[in-house]
Amino acid sequence: MRRIGLAVVVTVVCLTGPLTAQQLTRVPRIGVLVNADSPRVEAFRHGLREQGYTDGRNVFIEYRYASARSESLDVLARELMHLKVDVIVTEGTPPTLAARRATDSIPIVVTSAGDLVGAGLVASLARPGGKVTGLTLQLPELSGKRLALLRDLVPSATAVAMLLNRRNRVLHPLIWQETETAAKALRITLHRFEIERPDDFEAAFAEMVKQRTVAVLVPLDPMFNDHRERLIGLAAKSRLPAMFGERLHVDAGGLVSYGPNYAALYRRAATYVDKILRGAKPGDLPVEQPTSFELVINAKTAKALGLTIPQTLLLRADEILQ
């Protein structure tokens, strides 16, 4: 009997190998709270791999996907809290606010969001304080550049509509102010169209046509992302060239976008997670702004709208989708 017992012990050791100190410690868990499993999430996973983390080996990742509805986000944020994750990674202001409401002890890394200071999530970009840090899209001045690029693409755009989410009370007022200033300098008449829910899209575009606007600006917003196919379809039906805040819309058939390179932001967020897992305090890690931007144009959509892409934009574009 003793010889059998010894054989069993030897077999187990051979199969599992010697226990290391790393195996004896707890494998960290990362909670991811975003609106959808998009290519951005894969960029975050890629960033983690660059930092030496592999899901299921030396880290576990818990994913929770939701629309921008705050009630859904709150439920999912609480789920991650109860799973006792070591850090929560968020996308956008609503998920970040939901995570903050769910916990005041778990560090939160933001992959991309609007005005984190204005939302009360950090004390300042240089010294966030508290449990939130990451990357901000606090760049309302980009709206002026988008308007100028839209004018370059559509020279006849002297009257431009701007779609705003009335519920986006932090970022969209800033974007409107910056765009309005740019419109005056460009001698463009800017029309404001506020909506609260996706069901308002049709009426807004019908009014744009009625007011004879020539093009439309669609800024960054979680709801606009979630319903991008619907927005793109309405813009096409209304024969309105549309400028978007990110390339997701252009990949789905939208005309043009100018904004931060989100893949780079998500990869960068992985470095924040690594630092926090190694003991850094999120409040000591400065919030960063984007440094990489991309202009993407859909040539097929331009042709359908009867637009000729100027050579200057062809040279400036980071990518032309055929």
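How big is the antiparallel share of DSSP beta bridges in the chain, given as a percent to the nearest 5?
Just about 10 percent of them are antiparallel.
Pairs LYS145/LYS281; LYS131/LYS184; LYS145/LYS303: which exceed 29 Å Cα-Cα?
Listed pairs above 29 Å: LYS145/LYS281; LYS131/LYS184.
Considering amide H positions built from the backbone, and no H for Pro or chain starts, which residues 5 or more places from ALA161, or on another chain, come under 5 Å of its amide H?
Hits under the 5 Å cutoff: HIS191, VAL214, ALA215, VAL216, LEU217.
Starting at the first residue of the stretch 105-114, write each ³J(HN,Hα) from the Karplus equation 6.51 cos²θ - 1.76 cosθ + 1.60 with θ = phi - 60°, in whole Hz, x for Gly and Pro.
Using θ = phi - 60°, the values come out as 10, 8, x, 10, 10, 8, 7, 5, 7, x Hz.
Among GLU42, GLU178, which comes first, then next, by fewest other beta-carbon atoms within 10 Å?
Least to most surrounded, the residues fall as GLU42, GLU178.
Hey, fewest Cβ within 10 Å first, where do VAL296, VAL132 land in order?
If I rank by nearby Cβ atoms, fewest first, I get VAL296, VAL132.
Over all alpha-carbon pairs of the stretch 93-149, lay out the pair-distance distribution in 10 Å bins, whole %, shortest bin first.
Binned Cα distances yield the sequence 23, 51, 18, 8, 1.
For the stretch 79-184, what number results from the quotient of the Cα radius of gyration and 2.2 N^0.38 Å?
Working it through for the stretch 79-184, the quotient is 1.32.
Using amide H atoms built 1.01 Å from N in the peptide plane, name the residues 5+ places from GLY114, or on other chains, whose amide H lies under 5 Å from its own.
THR93, LEU137
Which value at 222 nm does the chain reach when only helices count, each DSSP H run of 4 or more adding -39,500 (n - 2.57), with the total divided by all residues and rounded to the nearest 500 deg cm²/dmol?
Helix contribution divided over all residues of the chain: -13000 deg cm²/dmol.
ARG239 label point, 7 Å along Cα→Cβ, cut-off 19 Å on backbone N: hits in the stretch 280-322?
Label zone hits: 300-309.
For the stretch 182-235, restrict the atom set to alpha-carbon positions and state the Rg and Dmax in Å.
11.9, 33
Under a no-solvent Debye model with one identical scatterer per Cα of the stretch 170-319, what's log10 I(q)/I(0) at q = 0.14, 0.19, 0.20 Å⁻¹?
Log-scaled intensity ratios, in q order: -0.79, -1.28, -1.38.
Which helices of the chain meet both criteria: a Cα extent of 15 Å or more along the helical axis and a mean Kyte-Doolittle score no lower than 0.5, with helices taken as whole DSSP H segments?
2-16
Take every Cα-Cα distance within the stretch 207-268, group them into 10 Å bins from 0 onward, and report for each bin the whole-number percent of pairs it holds.
Calculated over all Cα pairs of the stretch 207-268, the distribution is 22, 52, 21, 5, 1 percent.
For an R0 of 45 angstrom, estimate the FRET efficiency from the Cβ-Cβ distance between ARG169 and ALA252 and round to the nearest 0.05.
That pair, ARG169 with ALA252, gives E of 0.95.
Taking only the alpha-carbon atoms of the chain, what semi-axes of the equivalent ellipsoid follow from 5 times the gyration tensor eigenvalues under a square root, in whole Å, largest first?
Semi-axes, largest first: 45, 21, 18 Å.
R0 = 56 Å: FRET efficiency of LEU83 with LYS300, Cβ-based, nearest 0.05?
Working from the Cβ atoms, E equals 0.80.
Per-residue counts of other Cβ atoms within 10 Å, averaged by peptide: what ranking do you get for 109-115, 258-264, 47-53, highest first?
Highest mean packing first, the order is 109-115, 258-264, 47-53.
Spin-label point model (7 Å from Cα, Cβ direction): what's the ARG278 to THR189 distance in nm?
5.8
Read-outs throughout are calculated quantities, based only on the coordinates presented, and are distinct from any laboratory measurement. The model shown is predicted, which means the values in this text are computed figures rather than measured ones. All Cβ positions, even for glycine, are placed from backbone atoms using ideal geometry, and neighbour counts span all protein chains on display.
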